[in-house]
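Inspection log for the structure reproduced underneath, given as structure tokens.
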Amino acid sequence: MGLQAQGIVKTFGTFKALGGVDLDIQRGEFVALLGPSGSGKTTLLRILAGLDAQDEGHVLFNDEDMSGRKLRDRRVGFVFQHYALFKHMTVAENIGFGLRVRPSVERPTKADIKARVDELLRLVQLERLGDRYPSQLSGGQRQRVALARALAIEPSVLLLDEPFGALDAKVRKELRRWLRRLHESMQLTSIFVTHDQEEALELADKVVIMNQGLIEQVGTPEEVYHKPQTSFVYEFLGGANRVPCEIRGGVVRIGSTIIPAPQVVDLKDGPGTAYVRPEEISIGAPSGAGVPAIVQHVFRASPLPRVEVQLVDTSLALDVTLPPDEAGAILAKGQRVTVNFSKFDVLPG
Amino acid sequence: MSARAGTWGSWKRASVLPGFRLTLGYTLLYLGIIVLLPLAALVLRPAELGLVGFFETVNTPRVLASLRVSFGTAAIAALINGVFGLIIAWVLVRYQFPGKRLIDAFVDLPFALPTAVAGIALTTLYAPNGWVGALLTPFGIKVAFTPLGIVIALIFIGLPFVVRTVQPVLQDFDSELEEASASLGASRLQVFGLVILPSIMPALLTGVALAFARAVGEYGSVIFIAGNMPMKSEIAPLLIVSKLEQFDYAGAAAIAVVMLAISFIMLLILNLIQRWARRHEDSDR
Amino acid sequence: MSAGTRTNKLTLRDPALVRWVLIGLALAFIGLVLFLPLILVFLEALRHGLGAYFAAVTEEDARSAILLTLEVAAISVPLNVAFGLAGAWAIAKFEFRGKSLLLTLVDLPFSVSPVISGLIYVLLYGAHGWFGPTLDAWGIKLIFNVAGLVLATIFVTFPFVARELIPLMQEQGTEEEEAAISLGANGWQTFRLVTLPNVAWGLLYGVLLCNARAMGEFGAVSVVSGHIRGQTNTMPLHVEILYNEYDFVGAFAVASLLALLALVTLAAKSFLEWRYGDRLSAGRAH
């Protein structure tokens with residue numbers, strides 16, 4: 001099902017949670033709403049679901065305006081951040097709830113409900129836990145119950161609020177892969193909220209990056225990672241270094257060093273900021289070309305050695321990730337080096 | 001959806017849960033009939049006396065004496081409960097002793113025991129020929145049928161208020177604070193006086209205030225033990241009842257209004273003191 | 001209530017002398033103020049033996065007082081349950097302006113003297129009250145009648161259920177209800193299948209306290225009752241009459257029934273706190 005948000009504005013008291021958001025989601029897409037806390041991503045999700053009402057704008061499902069349409073009629077599968085499982089019902093009762101509360105004409109028979117619940121229990125790999133209560137389950141199991149419960153009503157769209165937020169790292173990875181497979185095999189349209197960039201980039205077809213109630217960028221994981229359009233996206237994704245610089249006649253100058261800047265074409269003269277990721281920096285001999293720097297720290301207790309260097313001219317500290325073969329073995333604290341940027345972007349300001 | 005947010009949004013946050021208008025409407029109707037309308041009658045009724053009449057009704061020696069008795073005994077009882085309620089809460093939270101569970105449950109007795117039952121039991125107990133009264137008579141102490149008897153009844157009524165407000169705070173008290181102050185060389189007494197007491201003070205004040213508020217209006221447990229001698233041991237609620245029995249509705253309402261006004265002002269002052277006592281607490285607490 | 005971990009810490013242990021003095025003081029105080037009066041009720045009731053006791057509680061006026069007390073509670077408690085549920089739903093599950101004012105109003109009866117609680121209804125419906133003469137002309141009598149007893153009882157007891165449910169429902173938030181609605185449940189289904197089971201023990205707890213107070217209320221009903229024996233005398237009022245007539249065995253016999261009710265209430269309350277403490281709202285003081 002296609003889903004559109006048009007000019008969504010939402011204010012809580014004096015706080016503007018969403019300041020005019022437009023979003024277009026195609027049928028079958030797996031979309032991540034990514035942003036820091038307070039960026040409005042959960043508010044947007046709740047408005048798409050109909051759990052909150054927007055102050056302005058429209059939500060369209062298959063080009064049909066959902067404004068004024070009750071939540072019950074939207075057939076939205078919503079998975080709550082803390083799962084919101086019914087504590088006093090068993091797993092099976094939780095999953096069957098959406099079928100049990102249907103008006104009597106539409107309600108499946110008890111046997112049909114049971115069959116459907118069993119099917120869903122198999123789907124989420126909890127076949128033998130149907131009689132348990134939520135309090136007897138682990139976090140990952142609760143998450144899957146919440147998912148099965150949402151799927152039971154055959155939703156037109158699946159919305160998940162921080163689906164892995166409350167889980168530990170190992171369970172999180174497993175569930176992520178499993179959810180991705182589930183999305184594909186059931187041909188769902190899914191939208192999830194997360195503040196974890198790795199999660200968003202790994203799982204989604206389309207990443208929507210939000211900040212302060214507005215969308216900063218929408219694109220595939222590759223696009224948003226490799227072609228960030230705003231300084232916020234640059235800093236939020238991949239932990240890029242910020243390097244203040246001067247732009248003059250299409251040339252970028254950091255301190256007193258002029259560095260080649262292939263991407264900078266139409267930038268106006270004036271101060272700018274170069275964004276460069278740790279893995280896009282290389283370290284060379286002090287006599288070579290590049291920006292002079294001094295090694296401050298070498299961390300070797302990680303998959304890739306990380307080095308912190310300080311630029312001589314500006315005393316700015318940069319994080320550098322070295323390829324494994326260089327191993328950083330030759331580097332030591334206090335050593336003079338030069339750094340080169342294999343790839344970077346410059347934005348004005 | 002945007003239309004609904006427009007009409008309700010100004011005073012109520014939109015929600016997907018249904019039934020707000022129905023339940024709020026019912027709540028307001030119920031409160032209106034049970035509380036607001038009768039209270040309006042209470043406040044407006046003395047108006048028929050006029051300001052001068054109102055003043056004359058209240059400013060008689062007997063009424064003033066009864067107010068003094070009510071508020072005075074309530075204050076004394078609340079203070080005594082403050083001390084012993086704190087000790088009981090402390091003992092229940094900090095120490096182990098046989099029968100502790102039972103004692104803990106028993107503290108709520110005054111909430112559950114009808115006041116008239118408490119009244120006749122305490123009177124029989126503290127009468128000159130009663131179990132406790134007989135022990136006190138040789139010392140010339142008369143409890144029943146004196147203001148002292150009123151205080152005893154009000155202690156009974158108010159005790160659980162203090163214990164039950166202090167207990168949870170004491171329970172949650174961070175023992176690291178105690179350990180820290182002990183490690184800095186403070187004695188047990190200093191730890192109690194300088195660290196523990198200040199942090200449970202707001203709760204203790206709340207408990208004392210609740211006990212006091214309850215005691216001021218108490219009727220059932222008091223009238224049996226008080227002896228009800230005008231000017232000496234006659235409480236204000238009893239005076240209201242006797243005015244009613246003479247069909248002096250306005251007079252009864254006037255005394256009631258004065259009682260409520262004094263209680264309100266005292267609670268307001270206590271609230272301010274509490275706010276002051278809580279001034280160092282985290283805002284999220 | 002287990003403080004074992006704390007007392008085991010060496011630095012925090014009070015000297016044994018202090019411990020025992022404080023425990024002694026606490027027990028003495030509780031014994032003198034709470035325990036002795038309760039024991040006395042039963043001993044006085046049985047002073048002239050079981051025969052006299054049963055005669056006293058089965059006597060004509062006592063029986064009608066017991067029945068009236070049950071009747072008043074049977075009317076006012078369910079009404080307060082309905083109010084408590086409706087009020088808690090509106091106050092706990094929604095955000096709106098004026099909420100704290102509403103909460104204050106709900107709490108109000110706790111801070112009003114029982115006598116004043118009765119008085120306000122006399123002022124409205126009594127012979128010289130606002131509506132008294134009108135009602136009288138229609139042949140309706142509220143004061144000195146069962147209806148008046150019910151009204152006054154409702155007033156003094158209505159916060160109990162609401163006060164227990166509001167914090168409980170607030171703690172539980174609205175997520176489960178939102179989940180139910182998103183799964184297609186209607187309002188009544190959501191309330192019955194999701195909300196009610198979650199607050200069931202808290203509701204029972206509130207009903208217990210509400211009922212104890214409804215059956216034991218003295219001051220408020222005393223003002224509206226008129227003390228007509230066999231007609232508007234509830235048990236607490238009957239205790240007063242017997243006591244004032246120096247029928248001490250009779251007074252304490254009826255009082256002992258009320259004391260038993262109190263003990264049963266306390267036991268049930270403690271059981272609920274012990275067994276379902278996590279499903280009751282924290283920090284209750286009444």
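The values are calculated or read from the model by the stated rules, or taken from the named source; none is laboratory data. Keep in mind that what you see is a predicted model, and the values were worked out from it rather than measured. Neighbour counts are summed over all protein chains in view; Cβ atoms, including those assigned to glycine, are modelled from backbone coordinates with ideal geometry. For accessibility, only protein heavy atoms count, side chains too; no ligands or nucleic acids. Shrake-Rupley method; radii C 1.70, N 1.55, O 1.52, S 1.80 Å.
Brief remarks on what is shown
- Rg/Rh for region C:1-147 stands at 1.14; both radii use Cα atoms, and Rh follows the Kirkwood definition.
- Mean accessible surface per residue for the protein assembly as shown, computed with a 1.4 Å probe while every protein chain stays in place, in Å²: 43 Å²
- Compactness check for chain A: Cα Rg over 2.2 N^0.38 Å is 1.23.
- Cross-link partners of B:LYS232 among lysines, defined as those whose alpha carbon lies under 17 angstrom from its own and excluding same-chain residues fewer than eight positions apart: B:LYS142.
- For region C:119-276: relative contact order, % (alpha-carbon pairs under 8 angstrom, 6 or more apart): 26 percent
- Farthest towards the positive end of the charge dipole of the protein assembly as shown, among the residues B:VAL52, A:GLY288, C:ILE228, is the Cα of C:ILE228, using unit charges on the Cβ of Lys, Arg, Asp and Glu.
- Accessible-area loss of 50 Å² or more (1.4 Å probe, protein heavy atoms, chain alone versus all protein chains) is found in region C:154-191 for C:GLU175, C:GLU176, C:GLU178, C:ILE181, C:SER182, C:LEU183.
- For residues of B:120-132, the mean tally of beta carbons on other chains within 10 Å: 5
- Debye, to nearest 20: dipole size of region A:67-153, +1 on Lys, Arg Cβ, -1 on Asp, Glu Cβ: 280 debye
- Region A:173-247 and region B:156-204 have Cα centres separated by 50 Å.
- Residue among A:VAL124, C:PHE252, A:LEU167 farthest towards the positive dipole end of the protein assembly as shown, charges placed on Cβ: C:PHE252
- Highest-first arrangement of B:253-266, A:15-28, where packing means the average Cβ count within 10 Å: B:253-266, A:15-28
- Given +1 at the Cβ of Lys and Arg, -1 at the Cβ of Asp and Glu and no other charges, the dipole of the protein assembly as shown around its Cα centre is 1000 debye to the nearest 20.
- Packing-based order for A:55-61, A:77-83, B:159-165, using average beta carbon neighbours within 10 Å, highest first: B:159-165, A:77-83, A:55-61
- Every pair of different Cα atoms in region A:1-80 enters the Kirkwood calculation, which places the hydrodynamic radius at 13.0 Å.
- On association of chains A and B, roughly 800 Å² of accessible area becomes buried (total for both chains; probe 1.4 Å).
- Calculated mean residue ellipticity at 222 nm for chain C: -23000 deg cm²/dmol, from DSSP H runs with n ≥ 4 weighted as -39500 (n - 2.57), summed, divided by the residue count and rounded to 500.
- Lys/Arg +1, Asp/Glu -1 at C-beta; chain B dipole; positive extreme among B:SER263, B:VAL208, B:THR23: B:THR23
- Where N is the number of residues in the protein assembly as shown, Cα Rg divided by 2.2 N^0.38 Å: 1.22
- Other protein chain C-beta atoms within 10 Å of residue C-beta, averaged over C:72-79: 0.
- Burial ranking of peptide ranges A:141-154, C:56-69 (average Cβ count within 10 Å, highest at the top): A:141-154, C:56-69
- Surface composition of the protein assembly as shown: carbon and sulfur make up 60 percent of the accessible area, probe 1.4 Å.
- For region A:93-135, accessible area lost to neighbouring protein chains reaches 20 Å² or more, against the chain alone with a 1.4 Å probe, at A:PHE97, A:ARG100, A:VAL101.
- Over region A:1-136: Kirkwood hydrodynamic radius from C-alpha pairwise inverse distances, Å: 17.3 Å
- Within chain C, the selection of entire DSSP H helices by a Cα span of 15 Å or greater along the long axis and an average Kyte-Doolittle value of at least 1.6 returns C:16-30, C:114-125.
- The charge dipole of region C:63-187, taken about its Cα centre with unit charges on the Cβ atoms of Lys, Arg (+1), Asp and Glu (-1) only, comes to about 540 debye.
- Inter-label distance, nm, simple model (7 Å from Cα along the C-beta direction), A:ARG132/B:LEU64: 7.5 nm
- Region A:236-348: C-alpha gyration tensor shape, a/c 1.5 cut-off, then a/b vs b/c: prolate
- Shielding by other protein chains, B:234-246, mean Cβ within 10 Å: 3
- Summed buried accessible surface, chains C and B, 1.4 Å probe, nearest 100 Å²: 9000 Å²
- Whichever lysines have a C-alpha closer than 19 Å to that of A:LYS87, once near sequence neighbours (fewer than 8 apart) are set aside: C:LYS93
- Rh by Kirkwood over Cα pairs, then Stokes-Einstein D for region C:72-158 at 1.306 mPa s and 10 °C, µm²/s: 110 µm²/s
- Inter-part distance, region B:126-145 to region C:91-140, computed on C-alpha centroids, equals 41 Å.
- Reciprocal mean inverse distance between Cα atoms of region C:150-257 - Kirkwood radius, Å: 16.7 Å
- Spherically averaged projected area in nm², based on the convex hull that wraps the Cα atoms of region B:152-251: 8.8 nm²
- Computed E for A:PHE12/A:SER104 - FRET, C-beta separation, R0 30 angstrom, nearest 0.05: 0.20
- Globularity ratio of chain B, using Cα Rg and 2.2 N^0.38 Å: 1.26
- Sequence-separation-based contact order of chain A, relative, with Cα cut under 8 Å and 6+ spacing, percent: 16 percent
- Calculated SAXS-style log₁₀ I(q)/I(0) at q = 0.20, 0.26, 0.28 Å⁻¹ - region A:165-238, Debye, Cα scatterers: -0.91, -1.24, -1.32
- Loss of accessible area when A meets C, both sides summed, Å² nearest 100, probe 1.4 Å: 1800 Å²
- Separation of alpha-carbon centers, region A:71-140 and region A:271-293, rounded to whole Å: 55 Å
- Highest-fluctuation residue, C:LEU123, C:LEU149, C:LEU34 considered, GNM on chain C with Cα pairs under 10 Å: C:LEU34
- Relative contact order computed over region B:20-161 (Cα-Cα under 8 Å; 6+ residues apart), in percent: 27 percent
- For C:LYS269, a cut-off of 22 angstrom between C-alpha atoms picks up these lysines, skipping any fewer than 8 places away in its own chain: B:LYS100.
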